[in-house]
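Engineer: The structure follows.
The values are calculated or read from the model by the stated rules, or taken from the named source; none is laboratory data. Worth saying up front: this structure is predicted, and the values here are computed from it rather than measured. Counting neighbours? That spans all protein chains shown, and the Cβs are built from the backbone with ideal geometry, glycine included.
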């Protein structure tokens, strides 16, 4: 038998990221920063309370998916139904939507990496005068309600439909716009912790051209910001309902809503899976971001 | 028996001449940041560029580095015009004012970066990196990250990183200004030692005149985008070419005088004048505190304050003649109390003068 029940037990999956990071910081190196770091006991209380808050709905959802219609008896039938060829047509919309959403995810992340990131780097390193403008432009979408945005998008998409077609992937442009603030913030925060101009100048003085400066010095130092920015973009795409609904596209969210009306059990299973997916993404990104370094506050 | 070669052998060089010729930089704000700056560094020479903030000294260094485009004139490294050469091909080493180590790399990787960019093969890279780190006394810290080092150590690593590629010129942009006073003095001595040992042509930008005078072979004093005077520290101090230099380098009392034929008359006392290009007539004489003393005869004055400076004492007095405050430097032994009546005497040394 293990001794203390809560002491060494890992936190529920949903919580493991911030908890682990906080734990490592307190335990490993920054004991001296007592002013900023809560005590172990406080930390544990916060962990347990927030853990319960997260876990209860998740457990309830799981329990719901395991119930038989009417009787409430335990059954795995709903999980089986997903793979039942006879019922495949029931879930067709959802799978199409899921597929569309994943394509839009990839495209939106590409927009962030190939459009936003270079724009931010150029503003930071070459054209500091436009930095403020870029910030306003990037944060603007958060101030406009999505429904209002959609009203503007409708005529744009009518034109777009004539040139690019009306395939679901074209949603990536609209979602790219609404994910801008979420994609912008982490990178901009990361930039503000670095003196990138000096680092880039140092690299260039040491013989690195612009490409190698960006590749060897700028990007590695922005890794954390870029990763969180991509994660937030993905979660915006997976959570986006309004635009897809009003522009008559089937995405994961609209598919889920449709399914909810005919088969709430399977809809809940997919909702759970989606949550699990995002949590996994979070784990991947936070471990990838912290490998090989543990930066404390700057000197 | 073998004799180990000196540790820094591969970093020693013969020095490269470096020159700024009539360099102009105009941001279009009315005043030119560089207004025809000419400065020639001999091979292996250590020149300090000294001036108040905003005088253009950093711009001049950045123009030499290629970090700033110039609007006129020439930049020559090794007798070759490099205005069109981008920074990364100018073969320079640079240390910045703020800490500039790459935070995601170890000290070793930081220092090796320049060699890697020059595609030096791994084995030579490792040994040269170690050598450069040993040179700055941080051979044992190769596996640390920048945030695990003190400010002084970070600047040492930055110095090693700048030197490891054997650049043709070393550019130091106020590398000491972020450090504590004690570390600052220590590190400047070390920079000087290393520079001499390696024989690398070096341009050192600073706003601290004491620093400039202490380490440089020659000092160029800049003001408002122009170089006012270039000379050895002694020349600058003893024969300032302009009122600005007299005022900026060292401490001076500004006293009203009358210039006539190479002699300036201050409060009725005739002194030899250093007055190149100043017309006869009313002038300001820049009298150093050490060119004044207390005696039985002289200008009557009242002691206002006195401060102990270690090896000497500086006493501020108010002249009875015109109520001007004047600093007098003298030996520690003689002490005065506030309000004491004293006589201030000129020691007869030449004084710099400028237009009033």
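Engineer: Hey, among A:281, A:258, A:272, A:231, which residue is part of a helix (DSSP H, G or I), crowded, with 21+ Cβ neighbours inside 10 Å and in contact (Cβ under 8 Å) with a residue 40 or more places away in the chain?
Structural biologist: A:231
Engineer: Got a number for residues in region B:101-124 being within 7 Å of chain A (Cβ to nearest Cβ) and closer than 21 Å to residue B:134 by Cβ?
Structural biologist: Looking only at that region, the number is 4.
Engineer: Can you report the number of residues in region B:178-205 which are within 14 Å of chain A (Cβ to nearest Cβ) and either surrounded by fewer than 18 Cβ atoms within 10 Å (Cβ to Cβ) or over 27 Å from residue B:117 (Cβ atoms) (or both)?
Structural biologist: Counting residues in region B:178-205 that are within 14 Å of chain A (Cβ to nearest Cβ) and either surrounded by fewer than 18 Cβ atoms within 10 Å (Cβ to Cβ) or over 27 Å from residue B:117 (Cβ atoms) (or both) gives 4.
Engineer: Within region A:137-158, is even one residue crowded, with 18+ Cβ neighbours inside 10 Å, within 14 Å of chain B (Cβ to nearest Cβ) and in contact (Cβ under 8 Å) with a residue 60 or more places away in the chain?
Structural biologist: Taking every residue of region A:137-158 in turn, none turns out to be crowded, with 18+ Cβ neighbours inside 10 Å, within 14 Å of chain B (Cβ to nearest Cβ) and in contact (Cβ under 8 Å) with a residue 60 or more places away in the chain.
Engineer: Can you name the number of the only condition in (1) within 16 Å of residue B:200 (Cα to Cα); (2) surrounded by 21 or more Cβ atoms within 10 Å (Cβ to Cβ) that residue B:63 fails?
Structural biologist: (1)
Engineer: Can you confirm whether region B:165-173 contains a residue that is over 19 Å from residue B:91 (Cβ atoms), surrounded by fewer than 23 Cβ atoms within 10 Å (Cβ to Cβ), modelled with pLDDT under 95 and out of contact with any strand residue (DSSP E or B) (no Cβ under 8 Å at 6 or more places or on another chain)?
Structural biologist: No: zero hits.
Engineer: Looking at A:200, A:174, can you tell me which residue is crowded, with 18+ Cβ neighbours inside 10 Å and within 14 Å of another protein chain (Cβ to nearest Cβ)?
Structural biologist: Going through A:200, A:174 in turn, the sole match is A:200.
Engineer: Another question, then. Take the conditions under 13 Å from the mean Cα position of the chain (by Cα) and closer than 30 Å to residue B:20 by Cα and apply them to residue B:246. Does it pass?
Structural biologist: Against the criterion (under 13 Å from the mean Cα position of the chain (by Cα) and closer than 30 Å to residue B:20 by Cα), residue B:246 does not qualify.
Engineer: With respect to the numbered conditions (1) touching a helix residue (DSSP H, G or I) at 6+ places or on another chain (Cβ under 9 Å); (2) at negative phi; (3) crowded, with 17+ Cβ neighbours inside 10 Å, which one is the sole condition not fulfilled by residue A:102?
Structural biologist: (3)
Engineer: In region A:136-171, what count of residues is obtained for those that are assigned to a loop (DSSP other than H, G, I, E, B) and under 21 Å from residue A:96 (Cβ atoms)?
Structural biologist: 3
Engineer: Continuing with this model, one more query. Would it be correct to say that residue B:101 is under 29 Å from the mean Cα position of the chain (by Cα), under 11 Å from residue B:161 (Cα atoms) and in contact (Cβ under 8 Å) with a residue 24 or more places away in the chain?
Structural biologist: Yes.
Rundown of residues vs (1) within 17 Å of residue B:324 (Cβ to Cβ); (2) touching a residue at least 12 places away in the same chain (Cβ under 8 Å); (3) not in a helix (DSSP H, G or I), yes/no style:
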position	(1), (2), (3)
B:230	no, yes, yes
B:235	no, no, no
B:241	no, yes, yes
B:244	no, yes, no
B:264	yes, yes, yes
B:272	no, yes, yes
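Engineer: Name every residue in region B:270-284 that is surrounded by 15 or more Cβ atoms within 10 Å (Cβ to Cβ) and at pLDDT 90 or above, in order of residue number.
Structural biologist: B:271
Engineer: Can you name the residue in region B:338-356 that is in contact with a strand residue (DSSP E or B) (Cβ under 7 Å, 6 or more places away or on another chain) and assigned to a loop (DSSP other than H, G, I, E, B) and is also farthest from residue B:315 (Cα to Cα) among such residues?
Structural biologist: Per the stated criteria, the residue is B:356.
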